[in-house]
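The values are calculated or read from the model by the stated rules, or taken from the named source; none is laboratory data. Everything numeric here is computed off the predicted structure, so don't read it as measured data. Counting neighbours? That spans all protein chains shown, and the Cβs are built from the backbone with ideal geometry, glycine included.
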Amino acid sequence: MSELGLDFNLLAMLAIGASFAGFVDAVVGGGGLVQIPLLFNLLPDSPHPSLLGTNKLASVIGTSSAAIQYGRRIPIDWHVVLPAVSTAFACSWLGARSVAFFPPDLVRPVVLLLLAAVAVYTFRKKDFGLAHRPPRPGVHANARLAATITAALGFYDGFFGPGTGSFLILPSSTF
C-alpha cells in the first residue's frame, strides 16, 4: 500500500484504463464510456461525485486541447459561441452540484442506465456530421438556439458526462 492508500497494481490499472479512454476519446469520442465504468469498478468505495469529477477532469483537459487546436484553424463566431459557453458552464456546474444530492445506491444504477443509453445512441447514429445545416439567419437567433441547446447539454455533461460530444454532432434533420 502506498501513502495514498492505493497499491501499485490499482494505480497501474487506472493509468492504463485512463490512457485507453483518452485514446478512444481522441479517435472516436466517448472515452468516458470506458473510464467511468473503470473508476466505478476499481474504486467502489469512493464517493460517486469524486469518481465523476475525476472523469470530468480528464475530459476537460482533452476538450480544451481540441478546442485550442480547432480555434487555431477555423474562424469562430464569438457572438454565438460566448453565450453558449457561458450557459453550458453554468448548467454544467448545476449538473455537477445536483449529482451530489443523489443517494449512492441510486447513482450507480442510473450511471449504468445512462452508459447503456449513450452507448446505444452512439453506435446507432453512424451518420453524425455528414449533413451540413447552415446557421439560422441573424446572430441573435443563433446565439439563443446555441445557448438553449448548451443549457441542456451542459447540465447532462455536469451530471454525468460521457457521450456529450456526440450530441453536439446531430444530423441536420434534428432541428
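Taking interchain pairs and intrachain pairs at least six residues apart, which have beta carbon atoms under 6 angstrom, with the first residue in the stretch 141-163 and in contact (Cβ under 8 Å) with a residue 12 or more places away in the chain and surrounded by fewer than 19 Cβ atoms within 10 Å (Cβ to Cβ) and the second basic (Lys, Arg) and outside any helix (DSSP H, G or I)?
ASN142/ARG136
Might you check whether a residue that is part of a helix (DSSP H, G or I), more than 20 Å from SER92 (Cβ to Cβ), of a type in the set (A, V, I, L, M, F, W, C) and at pLDDT 85 or above occurs anywhere in the stretch 47-58?
Within the stretch 47-58, not a single residue is part of a helix (DSSP H, G or I), more than 20 Å from SER92 (Cβ to Cβ), of a type in the set (A, V, I, L, M, F, W, C) and at pLDDT 85 or above.
Of these, ILE61, ILE36, ILE76, which one is at pLDDT below 90, in a helix (DSSP H, G or I) and loosely packed, with under 15 Cβ neighbours inside 10 Å?
Result of the check over ILE61, ILE36, ILE76: ILE61.
Would you be able to tell me the number of residues in the stretch 11-36 that are under 22 Å from SER92 (Cβ atoms) and either over 14 Å from the mean Cα position of the chain (by Cα) or of a type in the set (D, E, K, R) (or both)?
Number satisfying all stated conditions: 2.
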